[in-house]
Structure formats: structure tokens, C-alpha cells
Amino acid sequence: DLVEEIKLPNQPVDDGVLFRSDSEESSESNEDVFGETQSSVRRKSGVLDMKRRLQQMLAQTSTNALDLYHNTGYTQRIARHPWFDIAVMCGIFLNCIWLGIDAAWNDSDVLIETDPIFLVVENIFCLFFVIELSIRFGAYKRKLTALKDIGFVVDLILVILMVLEIWLLAIIQLATLTGNTPSTFNPAFLRLTRVFKFFRMVRLVRLLRYTPEIVILVKGLGVASRSVFFTLCLLGLLIYVYGIAFKHLCKETDVGKAYFSTLSQSMFTLFFTGCFFDGIPALAEMMFQEHLILGGMFMSFLLMAPLTVLNMLVGVLVQVLQVLSQCENDALTATFLRDHTIQIVTKLDSNNDGNVDIEEFSRLVKQPGMVKALHEADIDVTALVSEAELLFNGQEKLSIDDFVAAIQAFRRTNSVTIKDLLQFRRMLRKDTEEVLRHQNKTLQKSVRKATKHKRLY
């Protein structure tokens with residue numbers, strides 16, 4: 001009855017299906033247990049492989065600077081405060097707007113000769129970013145680790161350029177003033193220093209974390225760059241082949257003299273006219289008027305290059321963005337759960353070991369803030385509480401990262417995989433063996449008692 005209850009659809013019942021060896025389980029994981037076609041299995045496995053690679057890439061590239069900060073002190077308290085982050089983001093946004101205002105209305109090459117409003121605002125922004133960088137640097141537990149944070153290094157370079165331009169260069173200009181001569185600096189050098197301020201636009205990258213949609217698009221372009229490159233190579237090959245063909249076939253014709261006189265002109269025409277649909281009706285009409293074969297070849301190029309290859313490129317980008325979006329959502333959910341778990345576990349950690357045991361877990365799920373965070377992350381709290389032993393998997397305690405990873409297995413949107421079925425089979429086999437072992441012990445004990453009772457009577 002137990003075998004009949006858990007058997008998979010469209011599969012015969014096998015009494016030994018629950019008690020196969022690990023080698024048989026690994027070989028069966030590659031079989032089509034759900035009756036799907038081989039092409040569908042390959043497509044899904046390809047998507048899963050892409051998702052796995054993206055998750056590994058995101059895990060390697062994502063670093064949290066807050067983990068490198070002190071646990072005590074005023075600077076780390078300020079750097080960790082949400083209002084500090086909001087103030088920095090507002091400062092970056094206002095500075096980028098000010099750069100546009102400065103480029104539109106400030107024509108002076110020398111800062112000390114500009115209008116007072118520009119001088120005051122530039123000094124305010126410079127002081128703001130110096131203070132912000134000093135607070136972040138003071139919050140690091142080990143100062144040398146700040147140089148390993150790419151974001152901090154970029155901000156450090158931008159602040160150094162800002163100080164050199166606004167403070168140091170202004171002091172040198174004031175020191176070199178003689179009478180009515182404004183400065184002894186080369187005007188070309190002064191104009192070059194003004195270019196440095198536009199490097200501050202790099203700080204806009206820090207604003208991207210508040211717009212995950214843009215982050216997904218940017219990362220999608222990087223992930224799909226290899227597929228895009230080979231798709232464009234295929235497009236270039238088609239343009240090259242058809243360019244040679246039209247160069248020879250349209251020789252000494254009106255359309256050839258106008259559009260296909262040389263190989264470079266043929267490829268130029270096919271690329272801009274054929275791929276970007278610029279003037280296709282006029283060119284197609286001329287090709288058909290010249291000869292029916294030329295018109296047919298041009299239509300075949302349109303079907304192969306812009307309609308097929310470019311749509312393939314769109315399909316590749318859509319698939320990559322879909323998988324990347326799911327990976328980003330999983331990463332954001334893990335970060336959200338990790339932050340809330342750390343805040344609550346820090347208060348409930350009785351032994352101060354930074355881990356979560358079964359007792360701390362029972363107190364953790366009773367906290368309203370943790371329950372709210374689990375619901376927002378789409379975690380099945382009821383199943384999580386009822387299957388606490390499955391969560392710890394026989395271990396006494398889990399680290400914060402392992403605990404968050406185990407919690408994510410209880411998301412309602414998770415789909416069942418072959419790995420889950422095999423894990424369920426192993427657990428069921430283990431429980432069944434324990435039940436049989438207990439029954440054997442009970443039976444042997446009953447037999448011994450019956451034998452002893454028979455000898456007495």
C-alpha cells in the first residue's frame with residue numbers, strides 16, 4: 001500500500017523501487033520519469049544549467065561591505081544606519097543634477113573666478129563626500145580590507161580628484177595670483193581638470209541597487225554577450241555571402257550601379273537597408289524589375305538575416321533576462337531573510353555562537369518580525385515549523401547562511417525536482433528501515449517472552 005501511494009504517474013509499481021542503490025538512483029535521475037520528450041528535457045536542463053551558472057556568478061561577485069564593519073563604535077553605527085544610506089544616495093543624485101547645471105551655465109575654466117553660487121555648492125559637495133568616505137573608512141574592522149572593496153576604491157579615487165580640483169588647485173591658483181593676472185596655469189590644463197568632475201557620474205552606479213530592473217538589464221547584457229557575439233557573427237557571415245553574390249549578379253545593372261557596385265557597398269546596403277528596414281520596398285521593387293531571381297534572393301536574405309537571426313537574438317536575450325531575473329529575485333530574497341535573521345538571532349542567541357539550534361529556532365518563529373519576513377519571502381511557515389527536523393537534517397545547529405538556504409527550500413513557488421524526489425526516497429527508505437528494525441526488535445522480544453512463558457508452564 002505504501003508503494004502504491006507514492007508511485008509516480010505512468011510508472012509500474014516496483015517493490016524494490018524504494019530500496020535501490022545510490023548508483024541506480026544517480027542513473028535514474030537522468031531518465032525521463034515524467035514521460036517528457038528528450039528535447040524538452042534537454043531544454044529544461046539547459047535552463048537549469050544557465051541558472052546554476054548565474055547563481056554561482058552572483059555569489060562570487062556579490063560582496064556585502066557591512067560584513068567587514070566593526071560590531072561596535074560610532075562610525076559603524078552611523079554607516080549601518082538606514083538614514084545614512086538614504087542621505088548618501090540623495091547626495092549622489094543631487095550632485096549628478098548639479099553637474100548638468102554646471103555644464104549648462106558655468107563657462108569659467110578657473111573655479112575661483114566663477115560665480116559665488118558655483119563655488120559654494122562645489123565646496124559643499126566636496127565636504128559632503130569627504131565626510132561620507134571618512135565615516136565608511138572608520139567603520140571597517142581592518143582598514144586594509146577597504147582596499148578590497150571595489151566600490152570604496154572607486155569612491156576614494158573620485159574624492160581624491162574632487163579634492164585636487166576644488167581645494168588644492170584653488171589654493172595653488174590663489175597663491176599664484178599676481179596683480180590682474182588670473183593664473184600662470186595653461187588654459188588647456190585648466191579645461192582638462194574640468195573634465196575630471198564628469199567622472200563623478202560613476203557614482204550613479206550606486207543608485208542602481210534601488211532599481212533592480214536596470215541591474216537585471218545590465219547584467220543580462222554581460223551574461224548574454226557570448227551568445228550575442230556568435231549571433232552577430234552569423235549575421236555578418238550572411239551579409240558577406242549575399243554581398244558577394246549580389247556584387248556579381250547585379251554587375252552592369254542599374255540596381256548594381258546604385259547599391260552593389262563594390263563588396264563594401266553591397267554589405268553596407270544589406271546591413272542598413274536589409275537589417276534595419278530602411279527603404280526596403282524601393283530596393284525590392286528595383287530587384288524584381290531587374291530579374292525575378294534577384295528579387296527572390298533578396299527576399300530570402302530578408303527571411304534569413306533580419307527576420308530569423310535577429311529574432312533568434314531577441315529570444316536569447318529574453319531567456320537570459322528571464323533566468324537572471326529569477327536569480328536576482330532569489331538573491332534579494334536570501335539577503336532580505338539573512339538581514340532579518342541576523343537582527344533577531346543576535347537578540348535571541350543565548351550562547352553567542354552566531355548559529356541557530358533547534359531551541360533558538362522555536363523562539364525565532366515566534367517573533368512577529370520574523371514571521372512577517374517569512375511571509376513576505378513567500379515561505380510556508382506552517383510547513384517550516386512542522387518539519388523542523390527536516391530543516392536541520394540531523395544537525396544540532398546551523399550557521400546563518402546555511403539556515404537561510406534551508407529556509408528557502410520551503411518557498412511556495414519552488415518546483416519539485418528529481419533531486420527532491422531522490423531525497424524523499426532516501427528519507428523514506430531510512431524511516432522504513434528504522435520502523436522495520438524497531439519491529440524486529442519488538443518481535444524478537446515478544447518471541448523471547450513467549451518462549452520463556454512456555455518453559456514456565
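The values are calculated or read from the model by the stated rules, or taken from the named source; none is laboratory data. All of these numbers come straight from a predicted model, not from anything done at the bench. Glycine gets a Cβ as well: all are built from the backbone with ideal geometry, and neighbour counts include every protein chain shown.
State which residue is nearest to Val205 (Cα to Cα) when the search covers only region 140-163 and only residues that are modelled with pLDDT under 85, surrounded by fewer than 13 Cβ atoms within 10 Å (Cβ to Cβ) and out of contact with any Leu (no Cβ under 9 Å at 6 or more places or on another chain).
For region 140-163, the residue satisfying everything is Ile150.
Quick check on region 123-139. Is at least one of its residues surrounded by 16 or more Cβ atoms within 10 Å (Cβ to Cβ), touching a helix residue (DSSP H, G or I) at 6+ places or on another chain (Cβ under 6 Å), modelled with pLDDT of 85 or more and over 24 Å from Leu66 (Cβ atoms)?
So far as region 123-139 goes, yes, one or more of its residues are surrounded by 16 or more Cβ atoms within 10 Å (Cβ to Cβ), touching a helix residue (DSSP H, G or I) at 6+ places or on another chain (Cβ under 6 Å), modelled with pLDDT of 85 or more and over 24 Å from Leu66 (Cβ atoms).
Are any of the residues in region 175-189 of a type outside the set (Gly, Ala, Ser), under 24 Å from Ile92 (Cα atoms) and either at pLDDT 85 or above or assigned by TED's automatic domain parsing to the domain that holds Gly73 (or both)?
no
Which of the residues belonging to region 203-231 are farther than 30 Å from Asn95 by Cβ and either part of a helix (DSSP H, G or I) or not hydrophobic (A, V, I, L, M, F, W, C) (or both)?
Hits for region 203-231 are Val223, Ser225, Arg226, Ser227, Val228, Phe229, Phe230, Thr231.
Quick check: is even one residue across region 436-445 out of contact with any Lys or Arg (no Cβ under 8 Å at 6 or more places or on another chain), of a type in the set (A, V, I, L, M, F, W, C) and either in a helix (DSSP H, G or I) or touching a residue at least 60 places away in the same chain (Cβ under 8 Å) (or both)?
Among the residues of region 436-445, at least one is out of contact with any Lys or Arg (no Cβ under 8 Å at 6 or more places or on another chain), of a type in the set (A, V, I, L, M, F, W, C) and either in a helix (DSSP H, G or I) or touching a residue at least 60 places away in the same chain (Cβ under 8 Å) (or both), which makes the answer yes.
I'm told Leu324 meets every condition in (1) more than 22 Å from Leu270 (Cβ to Cβ); (2) at pLDDT 85 or above except one. Can you identify the failing condition by its number?
Answer for Leu324: the failing condition is (2).
Please pick out the residue among Leu302, Leu364 that is without any contact (Cβ under 8 Å) to a residue 24 or more places away in the chain and buried (at least 17 other Cβ atoms within 10 Å of the Cβ).
Among Leu302, Leu364, only Leu364 is without any contact (Cβ under 8 Å) to a residue 24 or more places away in the chain and buried (at least 17 other Cβ atoms within 10 Å of the Cβ).
Whether any residue in region 97-109 is assigned by TED's automatic domain parsing to the domain that holds Gly138, crowded, with 16+ Cβ neighbours inside 10 Å, of a type in the set (Asp, Glu) and modelled with pLDDT of 80 or more is what I want to check.
yes
Restrict the check to region 251-264 and report whether at least one residue is part of a helix (DSSP H, G or I) and under 17 Å from Val309 (Cβ atoms).
There is no residue in region 251-264 that is part of a helix (DSSP H, G or I) and under 17 Å from Val309 (Cβ atoms).
Pairs, please: C-beta under 7 Å, at least 6 apart or cross-chain, first residue farther than 17 Å from Ile342 by Cα and in region 371-382, second in a strand (DSSP E or B)?
Qualifying pairs under 7 Å: Asp378/Arg411; Ile379/Arg411.
Would you confirm whether any residue within region 148-164 is free of Cβ contacts under 8 Å to residues at least 12 places away in the same chain, within 24 Å of Leu208 (Cβ to Cβ), touching a helix residue (DSSP H, G or I) at 6+ places or on another chain (Cβ under 7 Å) and not polar (S, T, N, Q)?
There is at least one residue in region 148-164 that is free of Cβ contacts under 8 Å to residues at least 12 places away in the same chain, within 24 Å of Leu208 (Cβ to Cβ), touching a helix residue (DSSP H, G or I) at 6+ places or on another chain (Cβ under 7 Å) and not polar (S, T, N, Q).
For residues that are within 22 Å of Val154 (Cα to Cα) and touching a Leu at 6+ places or on another chain (Cβ under 7 Å), tally how many sit in region 217-236.
Going through region 217-236 one residue at a time, the tally reaches 1.
Where in region 320-400 are there helices (runs of 4 or more DSSP H), lying wholly inside it, with at least 3 residues that are over 28 Å from the mean Cα position of the chain (by Cα) and farther than 25 Å from Ser415 by Cβ?
In region 320-400, the matching helices (runs of 4 or more DSSP H) lie at 358-364.
Whether any residue in region 236-249 is touching a residue at least 60 places away in the same chain (Cβ under 8 Å), part of a helix (DSSP H, G or I) and either within 30 Å of Gly220 (Cα to Cα) or of a type in the set (Gly, Ala, Ser) (or both) is what I want to check.
The answer is yes, given that some residue of region 236-249 is touching a residue at least 60 places away in the same chain (Cβ under 8 Å), part of a helix (DSSP H, G or I) and either within 30 Å of Gly220 (Cα to Cα) or of a type in the set (Gly, Ala, Ser) (or both).
For the condition among the aliphatic types (A, V, I, L, M), at pLDDT below 80 and under 28 Å from Leu208 (Cβ atoms), what is the one hit in Leu348, Leu337, Leu313?
Exactly one of Leu348, Leu337, Leu313 is among the aliphatic types (A, V, I, L, M), at pLDDT below 80 and under 28 Å from Leu208 (Cβ atoms), namely Leu337.
If Ser225 satisfies every condition in (1) under 30 Å from Asp330 (Cβ atoms); (2) crowded, with 19+ Cβ neighbours inside 10 Å but one, which is the exception?
The number of the failed condition is (2).
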